[in-house]
Structure formats: structure tokens, C-alpha cells
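A short reminder: the numbers here are calculations on the coordinates, not readings from a lab. Given the structure is predicted, the values throughout are model-derived calculations rather than measurements. Glycine also receives a Cβ, built like all others from the backbone with ideal geometry; neighbour counts cover every protein chain displayed.
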Amino acid sequence: MTLPSQDSSAVTKARRRFPSEAPARPAPVHALPRLPYALNALEPVISATTLAVHHGKHHQAYVDKLNELVAGTAFAGLTLEDLIMRTAGTQEHTGIFNNAAQAWNHAFYWRCLKPAGSDAIPEVLGKMIKESFGDLAALKSEFAKAAIEQFGSGWAWLVLDGAKLRVVRTGNANDPLPHHLRPLLALDVWEHAYYLDYQNRRADHVHAVLNKLINWEFAASNLA
Ligand code: MN3
């Protein structure tokens, strides 16, 4: 006879009788982080509808799928960063990599944005931008180019590479961590990030975010 994999009534009774021995259903290791602002806080650049779907459906789905994939495996209990580093470039763990990276990338991305962002840059970061790009306009221009020219789904990043800042782009779920680059800022250019608000006008979305929503304090905090 095949034992039922889910709770049989006998198991349920045993759990009631011996609560201390009952294997509690483990909480998901990876949880959807709360947004650091209200759903409508980024309007009109990013609508509440886009944010609700992007965070509540897309980001949630990556987290849920990751929990499903790692449950009962040697990967259970590892942080997102560990999962990314251990599965990057492997053929056999592509699913775990993709979902762990997307879970990490989105958690990072939400913090890169803030309502009514301005071009006021913390001093240390401002100095590095000057050294690496010349000025903020040049950084924005290079960042926008990477975001707009990324073919298909992906991300644009400002990263710390040794002592220098660089703009890089990655396709699909890929992020800079396995390349030993430290992310300072990320911009999601998957269509789900902007399509409801901008349809095919990715460039308009990119420029609006760069000019109105960037959290430079968060970017600077990632230097440490
Ligand atoms: Mn996304």
C-alpha cells in the first residue's frame, strides 16, 4: 500500500497529542519583502497597477517557485546570495539560479527607487561618479543606453568594479554577483516593469526613472 504523502488523520491526531514532536510545516525560507513605499508612491512614473502586478505577482512568483525548487534539497536554507553563487553557470540548476537571482534582483531593485528622487548625490558616491564618468549626466546617459539597448529581458546596473564604477547590463535573470562586481543600482527592463504604463516605449520609462525615482542614498550605501 502507498502511504499518503499528505497528513493522514492518524498523523494529524499524533501531532495534536505530541505537539512538541510534531514536525511543524516549515515556513517558506524565502519570503517576499515588503515594498519600502506605498503602491502609488512612484506615480506617475510607475503606476500603482504596474507596481502591484510587478511586486505582488512577478516577484512573488519567483519567491514561490524558488521555495518549491529548493524544498527538501541541499539548497534548502541557503541565502539568495549563496544560491546565486552556487548555481550560476550550471546546467542542472538553471531553475534555482533563475528564481533565486530574480528574487534577489527584485528585492534590490525596489530599494533603488524612491518617491520624488532627486539628483542630490552623497559626497563619496558623487566623487566616484566624477572620477569614473565625468559627471552625473554622463553616467545617466551610459546607464540609459545599457537599459535601452539590452535586447529582450534583462537588467541595467551600476556596479563597483574594484575601485571604479561601471555600467553593465545582464540578460534575463543574470546579475553581477557571480562576476564579483558589487551592484550599486539596478533597473529592471523586463517588459513587465513598464509595459502597462509605457507599452513599447522602454526609453521613455528608463529616462523617467533615471530622472525622477533614483535612490542615490541607497546606491551610496552599497559602496560600504
Ligand atoms: Mn521584474
Please check the chain for the longest run free of GluC sites (Glu not before Pro) that are loop-located per DSSP (anything but H, G, I, E, B) and have at most 13 other Cβ atoms within 10 Å.
93-224
Just report the Cα centroid separation between region 32-49 and region 54-100, whole Å.
24
For region 46-100, what are the per-bin percents of Cα-Cα distances with bins 5 Å wide, up to the bin holding the maximum?
4, 20, 26, 20, 12, 9, 7, 2
How far is it, in nm, from the label point at ASP135 to the one at ARG86 when both lie 7 Å from their Cα along the line to the Cβ?
4.8
Estimated distance in nm for a label pair at SER221 and HIS192, the labels positioned 7 Å out from Cα along Cα-to-Cβ:
2.5
Once Lys and Arg get +1 and Asp and Glu get -1 on their Cβ, which of ALA193, ALA38, ASN174 lies farthest toward the positive end of the dipole of the chain?
ALA38
Estimated vicinal HN-Hα couplings, Hz - region 121-133 in sequence order (Karplus 6.51, -1.76, 1.60; Gly, Pro = x)
10, x, 4, 4, 5, x, 5, 5, 5, 4, 5, 8, 10
Which three extents, in angstrom, do the Cα atoms of the chain have along their principal axes, listed largest first?
71, 37, 32
Taking the simple approach of a point 7 Å from Cα along Cα-to-Cβ for both ASN211 and ASP119, what is their distance in nm?
1.0
What size of dipole, in debye to the nearest 20, comes out for region 123-221 about its Cα centre when the only charges are +1 on Lys and Arg C-beta atoms and -1 on Asp and Glu C-beta atoms?
180
Using the Cα centre of region 81-224 as origin and beta-carbon charges of +1 (Lys, Arg) and -1 (Asp, Glu), tell me which of THR87, ILE148, ASN211 is placed farthest towards the positive end of the dipole.
ASN211
Modelled FRET efficiency - R0 35 Å, ALA76 with TYR37, Cβ distances, 0.05 increments:
0.65
Most positive-pole-ward Cα, VAL63, LEU51, ASN99, against dipole of region 36-140 from beta carbon charges
LEU51
Student exercise, the chain dipole from Lys, Arg, Asp, Glu Cβ charges, in Debye to nearest 20
500
Please list the radius of gyration and Dmax for region 135-224, considering alpha-carbon atoms only, with Å as the unit.
12.7, 38
